1. As I understand it, the dipole of the protein assembly as shown uses +1 on the Cβ of Lys and Arg and -1 on the Cβ of Asp and Glu, about the Cα centre. Which of C:Pro352, C:Asn238, C:Pro568 lies farthest toward its positive end?
2. Given points 7 Å out from each Cα along the Cα-Cβ axis, report the C:Glu339 to B:Leu28 separation in nanometres with one decimal.
3. Total accessible area buried between chains A and B, 1.4 Å probe, in Å² to the nearest 100?
4. Could you give me the percent of Cα pairs per 10 Å distance bin for chain A, shortest bin first, beginning at zero and ending with the bin that holds the maximum distance?
5. In units of 2.2 N^0.38 Å, what is the alpha-carbon radius of gyration of the protein assembly as shown?
6. Subtract the Cα-Cα distance of A:Val234 and A:Ser79 from 0.36 nm times their separation in residues, and report this length gain in nm to one decimal.
7. From the Cα trace of region C:570-626, what convex hull volume per residue do you get, rounded to a whole Å³?
8. Once R0 is set to 41 Å, what does the formula 1/(1 + (r/R0)^6) return for the Cβ-Cβ distance between A:Ile246 and C:Asn312, expressed as a FRET efficiency to the nearest 0.05?
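The values are calculated or read from the model by the stated rules, or taken from the named source; none is laboratory data. Quantities reported herein were computed from a predicted structural model and do not represent experimental measurements. Backbone-built Cβ (ideal geometry, glycine too); neighbour counts: all protein chains shown. The area values use the complete protein model at the heavy-atom level, side chains included, leaving out ligands, DNA and RNA. Shrake-Rupley method; radii C 1.70, N 1.55, O 1.52, S 1.80 Å.
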Amino acid sequence: MARSIKLRIWRGDSTDGGLKDVVVEANEGEVVLDVIHRVQATQMGDLAVRWNCKAGKCGSCSMEINGKPRLACMTQVASFGEEETITVTPLRAFPIIKDLVTDVSFNYKKAMEIPAYEPPAELAPGEARMEQIDVERSQEFRKCIECFLCQDVCHVVRDHEENKKSFAGPRFLMRMAELDFHPLDQRKTRKQEAQEQHGLGFCNITKCCTEVCPEHIKITDNALIPMKERVADVKYDPVRWLGSKIRKREGL
Amino acid sequence: MSGVFSPTRAKIKERTLRTDKWWLQPLLTFGVLFSFVIYATFRAFENKNYFVEESHLISPFYSPCLSESCEPAATIGGWTPFSAEIFNFALSPALIILIFPLGFRMTCYYYRKAYYRSFWFSPPACGVAEPHEKYTGETRLPLLGQNIHRYFFYAGLVFNVILTYDAIISFRNKEGEWGHMTLGSLVLVLSSALLWFYSLSCHTCRHTVGGRLKHFSKHPVRYKLWTTVSVLNTKHQQFAWFSLAAVAFADIYVRQVASGAWSNPIFF
Amino acid sequence: MTLERHKYDVLVIGAGGAGLRAAVEARESGLRVAIICKSLFGKAHTVMAEGGAAASMGNVNDNDNWMVHFRDTMRGGKFLNHFRMAELHAKESPDRIWELEVWGALFDRTKEGKISQRNFGGHEYPRLAHVGDRTGLELIRTMQQKIVQLQQKDGRETGDMESGIKVFAELTITDILKENGKISGAYGYWRESGEEVLFEAPAVVIATGGVGKTFKITSNSWEGTGDGHALALKAGANLVDMEFLQFHPTGMVWPPSVRGILVTESVRGEGGVLTNTNGERFMFKYIPDVFKDKYADNEAEADRWYEDQDNNRRPPELLPRDEVARAINSEVKAGRGTEHGGVFLDVSKRLPAEVIKKRLPSMWHQFYELAGVDITKEPMEVGPTCHYVMGGVEVEPDTAAAVGVPGLFAAGEVAGGMHGSNRLGGNSLSDLLVFGRRAGMGAVEYVKKNTATPVSDAAIKAAAEKIQAPFDRQGGENSYSLHAELQEVTHNLVGIIRTGSELKEAIAKIAEIRKRSANVAVAGGRKFNPGFHLAFDLDNMLLVAESTAKSADAREESRGGHTRDDFPGMNNKWRQVNHISSFDGEKVNVRAQSLPPMPKELFDLFDVHELEKYMTPEEVAKGGSN
Ligand SMILES: Cc1cc2nc3c(=O)[nH]c(=O)nc-3n(C[C@H](O)[C@H](O)[C@H](O)COP(=O)(O)OP(=O)(O)OC[C@H]3O[C@@H](n4cnc5c(N)ncnc54)[C@H](O)[C@@H]3O)c2cc1C
Ligand code: SF4
Ligand code: SF4
Ligand code: FES
Ligand code: FES
């Protein structure tokens, strides 16, 4: 049942690199990560690739397969044609380290910039009460395995290096939405911060992040657009703005 | 060199390594939207054949008819606050109201995605490098203006009411008696119904009915509404296209009947 | 080139649940902390944990409390657990879970808005706090975000977010350094560049997780190479009871590339049943005597239990893991297994499709995408997979300090004692939190009393030479093939069912592979070179395998995660014995050590008749240690 398949793997580092052709055995039911490992064990002992769980749970094996950002451990070899060459490259939005491994520190930096969860000051452990329907929206976003495929595909930074400083990317804008929806979070300024400091306005809702998310999180529909609407509430809606002023004055 | 060709990135010369037909979707979107725009522009300036008096059919492009040039029967109770011309140019009644449906669709989250991709190539498809050097998205004017979508949404609701009214009054015969129906009535019903679905599935609608709340559990009714709208919302793209097609067809239908090219079959 | 050096108060090796919890504790006490991990931050094994974290909060059934949890844990471990660890764990885990909630975790809720809890094998009441079937992810992400919160605080105070706590990701520690018998730091290399790094610190917390990669079929990732076990051994610490390995009864068996990947126990907790190819629900045949009064012996009662837990005994599918794994093994050996060597696990007939997708989303996803099986319609094929090591570093229960090495602490899967001969599902995640925190506290106390010892140049030189060595060899052994050979040996000779002669054969073979591994050569450069990385992991796995094989050979009985064909059945004499492994620089030595006796107040929590099944008459007569 084993058959030979054609693979083109990008090999190189920050100085140079290119696509290398290899032919490798593939068995029934194997995923792209399996054949990459076979190449590693038999032909290229020093081929660099990240992985951990091999079950789509950790988000380590992110790469681009035939030009699409995907998890190598969740991409079946059988999903490609018999004669098709499978092209495997590193993520193209981040600096290259070696072969299929890129420097994803951009994402960790952004993670550190999102203001942390702020629980009610007097909340004692064990006393929190939250309804399931109130936590469900944020729970969807907490399924995120931080594979950073959405961060990779988002054209705002993929195609514009200079935007990296002012744009947190879909994963972390979604994190802001998660906290803004969190039933107990006390921070009142997340909407403004999302727009003013983390670049929500850069997103033009073209939904590539949603298309590639291996957890099938509806990033754009459920996090980014609702967040844009919330931003509009506080920044671009004069009627609501006025309303909130009046309510404040009346001490409601 | 920027973007995927930046010096720090893996050196790959192709703009994309995608092997599927990624260009097909934007091409189709472009084709359909562009045809619609051409047709709609032509019709907006045409300034005739928008009303069929004996069947009480008015084209959705021309409703509400607010110009002094409108045929009296096509107006809402004869209310015509706009003059027939400005600066000596004849002003088509369509042009007066055009801004509302146009603005609604232009600022719609779905159409934004569609035209940013297919007209502006930003990006043309996922993982395909866009051609622009600079990109600021919706952070500054004019695109910052997309944030007024909610006002167009409210206006859209008013229009839906009017177009629903138009559909209802078409259930009359030549003499104005109720309980009759033509193919045209059906066409108007279909287009106004799809418009309702389009509006109700809108992201702003979802936000307004309940999305903006932090605690659903304290607002059970709004939670219920939000759940329903959320279901519709997942089909917003489909409603966007179907309603567009239905409105265009309703206009074509009225135009053809008004010009006498087609007849309007009477059911009862 | 100058060597990269860092100085910290506490070094935490491992960014899984245990490591992160220790780091938070140490930082909140004001110490400067480094967290080191082999993969990216947030990818540690803990993210893969599915079912939940056990804590007797009593949110679903208010009969639950720490004493019930303690009893379940001891029973599950066949009374070989260190009583004090099991006690601390049962008492403190509710607080640790609630604390996570204060840090932002969003567990699934009960109707009253409390944290929901689910059933799991060996737990008397619904006890596992969970989030769908991705509880480990929630745990790790919450602590990751807690660390960010601490960093933001430091940033506001000092202007540098990383001034108090810093994560060194993709860095492998190869040596724990000592001067004058005390911990002085650790040495390692960046996986990315291959460049070496020295950490100087008076206290080191090892939280490196498990050893699954020593085996061929495992649910563990490449990280589970027993680094911490080996590092501790080499630093002079002991390992306790390394013969006890948990084979999870339900790993995927088909297709081959996913063999071993875990099928969470929640599938059974939610009503999944095990059947053989004859369609027989075989678990009823395998209820051991000690559990007869707790488990249903007929289908009707087992089915009723899902509705009414107070008046029915639980289904035998929820027996402790060792029992279920052995049962599946026997069914397959008797020819009633599937063609791929597994049995069927089915929830599709139990729950409607939407409910399955909601309660077991990642299982649905995993089977659908990797095996082309829709678990809402068809059964899964499952078989045992090496999952967890009960054995580990011998520690002081209250401080998690490694016995015999001042300044060294260990917590999480790498520490031993807590789970005895078999761990209950869900007890690991809570173990990580309880003892992660205690290790952090232990390190803080230690650092307050002890000053840092500078690392000597000789120690640095020795550590550096070890890293360089494989590059200097020409045409030596290939680390990939040696690893495969080792896995073959452990799988065939030290697996679920063991015998004395095979274990002796294994010990000899492991020694031989170890000799050859001294000659491993690496092709390519230092930069992100997996062949080079494996060379070090291999060395660790060999030590672990040796310790396991030798301890298994010594224990002449069957208990929990250790089954001897030549010594079937438990022997109450052996219950009094722990096996302690130590390393003399050449080989692993195993000796027996007696288990500390349970104090009276814990002893009295049990029914004497139950204890009689596990203890010798003299022990029972004594009635605890005081
Ligand atoms: C698939 C699966 C499902 C599970 N489900 C459950 C469950 O439902 N409930 C439950 O209670 N338990 C479960 N477990 C068990 C539990 O997840 C693990 O026992 C636990 O996560 C171990 O955590 P840890 O903190 O000890 O180590 P890990 O999470 O394994 O982390 C180890 C860390 O150490 C680092 N490290 C290792 N070696 C080195 C080195 N040499 N240098 C530097 N860093 C190093 C690694 O990079 C990693 O960061 C499951 C396990 C698996 C595999
Ligand atoms: S929807 Fe927004 S965030 Fe997502 S990929 Fe597109 S531009 Fe980026
Ligand atoms: S949101 Fe989805 S695509 Fe983005 S990092 Fe998380 S899991 Fe990956
Ligand atoms: S290896 Fe974990 S997601 Fe692929
Ligand atoms: S109409 Fe499309 S989002 Fe509002």
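1. Final value for the positive-end residue is C:Pro352.
2. For C:Glu339 paired with B:Leu28, the spin-label model returns 4.0 nm.
3. On the way: alone 13770 and 15800 Å², together 24520 Å².
Rounded to the nearest hundred, the buried surface is 5100 Å².
4. 7, 26, 29, 20, 11, 5, 2, 0
5. On the way: Rg = 33.1 Å, N = 1146, 2.2 N^0.38 = 32.0 Å.
That ratio works out to 1.04.
6. Values: separation 155, 0.36 × 155 = 55.80 nm, distance 4.65 nm.
Using 0.36 nm per residue and subtracting the Cα-Cα distance, I get 51.2 nm.
7. Values: hull volume 5.0 nm³, N = 57.
Roughly 87 Å³ of hull volume per residue.
8. On the way: r = 60 Å, r/R0 = 1.47.
My answer for the efficiency is 0.10.
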